[in-house]
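The values are calculated or read from the model by the stated rules, or taken from the named source; none is laboratory data. Since the model is a prediction, treat every value here as computed from it, not as a measurement. For neighbour counting, all protein chains shown are included, and Cβ atoms are generated from backbone atoms with ideal geometry for every residue, glycine included. SASA here: full protein model, heavy atoms, side chains in, ligands and nucleic acids out. Shrake-Rupley method; radii C 1.70, N 1.55, O 1.52, S 1.80 Å.
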Amino acid sequence: MQLFPVIDCHAHLPDGQTGNGQAALRRLLTRCEQYSVEAIVFSVFCELDEGKLEVALEPVEAVIGQFKSVRVGFSFGICPPIEPIRSALLRQQLEAANRIARQLAQDGRIAAIGEVGLDYYWPLVEFLKGRGVTNWEQISSQIQNHRDQLLNEPWVQDCLATQTAVFREAIHAASVTELPLVIHGRDAYE
């Protein structure tokens with residue numbers, strides 16, 4: 001049976017796929033070859049608080065170089081923050097992230113900016129945990145029954161403002177680098 005070619009435009013490197021876990025990455029890419037995956041784009045995140053990528057690209061690129069039939073690229077993402085970040089600190093963190101994104105784009109090592117966007121779910125979870133609600137059933141119930149009230153809490157509003165600033169900066173980075181933007185949205189569509 002002939003399989004149709006597949007392009008996975010948004011994937012994540014599972015834990016253990018880099019460093020000592022290179023064998024796992026080889027197995028993954030071997031399966032991609034077997035199932036006609038022609039190309040895959042892995043979303044690699046910049047850790048804002050550390051000013052660096054979550055994984056070193058070099059070990060991943062070394063493995064990727066062994067697979068000529070699967071084209072592999074990276075997108076440069078920033079997870080929507082789930083806690084507020086003071087504006088001065090956020091500005092510093094975004095400047096560092098932008099330097100990394102521009103350098104990766106200039107070196108031709110990324111194919112897109114993102115995944116980045118708005119996530120209205122996790123800030124509510126973190127807010128409720130901060131109020132002592134730790135049972136997942138209770139968290140889900142609170143979010144389902146009191147979402148609008150929770151979204152208006154000052155701490156949550158500050159978190160969402162942080163996410164908006166990060167998202168705007170990512171849109172600008174995509175424009176400057178002329179790369180596509182991979183958008184994450186959860187419970188934030190309106």
Solvent-accessible ranking of Lys68, Lys129, Lys52, largest area first, probe 1.4 Å
Lys68, Lys52, Lys129
Among Tyr35, Ser141, Ala111, whose Cα projects farthest towards the positive end of the dipole of the chain, with charges put on the beta-carbon of Lys, Arg (+1) and Asp, Glu (-1)?
Tyr35
So, with +1 on the Cβ of K and R and -1 on the Cβ of D and E, and no other charges, what is the size of the charge dipole of the chain about its Cα centre, to the nearest 20 debye?
380 debye
Nearest 10 degrees, 0 to 90: helix 87-106 Cα axis against the chain principal axis:
10 degrees
What order do you get for 130-143, 160-173 when each peptide is scored by the mean count of other beta carbon atoms within 10 Å, highest first?
160-173, 130-143
With runs of 4+ DSSP H residues as the only contributors, calculate the mean residue ellipticity of the chain at 222 nm using -39,500 (n - 2.57) per run, divided by the residue total and rounded to the nearest 500.
-15500 deg cm²/dmol
Rounded to the nearest 0.05, what FRET efficiency is calculated for Glu178 and Arg131 with R0 set to 41 Å and r the Cβ-Cβ distance?
0.40
Let me know the shape class of region 62-137, please: from the alpha-carbon gyration tensor, a ≥ b ≥ c as square roots of the eigenvalues, rounded when a/c is under 1.5, otherwise prolate if a/b is greater than b/c, or oblate.
oblate
Ranking Ile82, Val156, Val72 by how far each Cα lies towards the positive end of the charge dipole of region 54-156 (+1 on Lys and Arg Cβ, -1 on Asp and Glu Cβ), the top one is Val72
Angle, helix 136-151 long axis vs. longest principal axis of the chain, Cα atoms, 0 to 90°, nearest 10?
70 degrees
Need one word for region 1-144: rounded, prolate or oblate. Basis is the Cα gyration tensor (sqrt eigenvalues a ≥ b ≥ c); a/c below 1.5 gives rounded, then a/b vs b/c decides.
oblate
For Gly77, which sequence-distant residues (separation of 5 or more, or a different chain) have an amide H within less than 5 Å of its own amide H, given hydrogens modelled in the peptide plane?
Val44, Phe45, Cys46, Gly114, Glu115
Tilt, helix 22-34 to longest principal axis of the chain (alpha-carbon atoms), in degrees rounded to tens, equals 70 degrees
For the pair Asp187 and Ile82, the simple spin-label estimate (label points 7 Å beyond Cα toward Cβ) gives in nm 1.1 nm
Could you state the accessible area per residue of the chain in Å², with a 1.4 Å probe and every protein chain left in place?
58 Å²
Label-point separation in nm, Asp49 to His146, each point 7 Å along Cα→Cβ:
2.6 nm
Using only the Cα atoms of region 123-190, build the gyration tensor, take square roots of its eigenvalues as a ≥ b ≥ c, and label the shape rounded, prolate or oblate: rounded if a/c is under 1.5, else prolate if a/b is larger than b/c, else oblate.
prolate
What full-extension length gain, to one decimal in nm, is calculated for Gln138 and Ala23 as 0.36 nm per residue of separation minus the Cα-Cα distance?
37.3 nm
What distance in nm lies between label points placed 7 Å from Cα along the C-beta direction at Ala11 and Glu61?
1.9 nm
